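Shown next, in structure tokens, is the structure this report addresses.
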Amino acid sequence: MQTVFLVVFLILSSPQSWSTDKPIDNDVDCSYNLTNQLALSLNEFDQDFKGGWRVLSEKGCFSEAADLIALYREENLKPNSLLFHEAQMRASAGDYTTASQLMTERIKQDKDSKQDHFGGSYYLDATLAFFVRDHKALIAARKALENHPKPEGFVLTDHLGNVVDRPWPPNLKVVKCLEARFDLPCNEAYGVGC
């Protein structure tokens, strides 16, 4: 049986990990210890909901979270890692231009890898379409994702290697939310229920 590990994609793209329905509060403390953040392992920085960039996101500190992700990528020589989340944080902060540039870079990397077993490129395409406000492209990406075949023997796992039970294809629910909430800003579109 073929096992495909979705260590990064399923967990990293989980909308509850970076969305908020809370309004941005100017009294929120968006500070962090940069030295400590940069010393975290990738897993600690990206997967720990009580540490890393996700703490800032949960507070509504989207710009700060995006800046921290960019610094972490640079400091830890991980130029290909975390682009997706940096783009999401930039969009959540209202910087759709930078978010679109980052997502375009991430899409290029995904297409260059030629290993899209689970339709992730359609999820990236849908996210970019949302960022650039292209409803037709978002619908096309959703339809492509819906029709992406599940590989024989495919098993979804989390970042720890545990088998997870998720509907096929991954992230279709999120893409449908982006479509249904197309007129909302990014930080609201990825809200409860997605």
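The values are calculated or read from the model by the stated rules, or taken from the named source; none is laboratory data. Computed from a prediction, not measured in an experiment: that's the story for all the values here. Note: ideal-geometry Cβ built from the backbone for every residue, glycine included; neighbour counts use all protein chains shown. The protein model used for the area step is the full one, side chains on, heavy atoms only, and it has no ligands, DNA or RNA in it. Shrake-Rupley method; radii C 1.70, N 1.55, O 1.52, S 1.80 Å.
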**Request:** Would you check if there is a residue in the range 143-152 being among the polar types (S, T, N, Q) and either touching a residue at least 40 places away in the same chain (Cβ under 8 Å) or closer than 28 Å to CYS61 by Cβ (or both)?
**Result:** no
**Message:** Any residue in the range 178-190 that is under 11 Å from THR127 (Cα atoms) and in a helix (DSSP H, G or I) sitting within a Cβ distance under 8 Å of a residue that is among the hydroxyl-bearing types (Ser, Thr, Tyr) and at pLDDT 90 or above? List the pairs, counting only those 6 or more apart or interchain.
**Reply:** LEU178/THR127; CYS186/SER92; CYS186/TYR96
**Given (1) within 12 Å of GLY119 (Cβ to Cβ); (2) surrounded by 13 or more Cβ atoms within 10 Å (Cβ to Cβ), index of the condition ARG166 fails** = (1)
**Asked** Is it true that ASP158 is surrounded by 16 or more Cβ atoms within 10 Å (Cβ to Cβ), within 13 Å of the chain's Cα centre (by Cα) and not aliphatic (A, V, I, L, M)?
**Response** no
**Prompt:** If you take the residues of the range 61-91 that are open to solvent by 10 Å² or more (accessible area, probe 1.4 Å) and of a type in the set (Gly, Ala, Ser), which of them is nearest to VAL132 (Cα to Cα)?
**Reply:** SER63
**Request:** Please tell me if ALA87 is assigned to a helix (DSSP H, G or I), touching a Phe, Trp or Tyr at 6+ places or on another chain (Cβ under 6 Å) and among the small types (Gly, Ala, Ser).
**Result:** no
**Request:** State the number of residues belonging to the range 49-68 that are outside any helix (DSSP H, G or I) and touching a Leu at 6+ places or on another chain (Cβ under 8 Å).
**Result:** 2
**Item:** Total residues in the range 123-139, condition without any contact (Cβ under 8 Å) to a residue 12 or more places away in the chain and part of a helix (DSSP H, G or I)
**Value:** 1
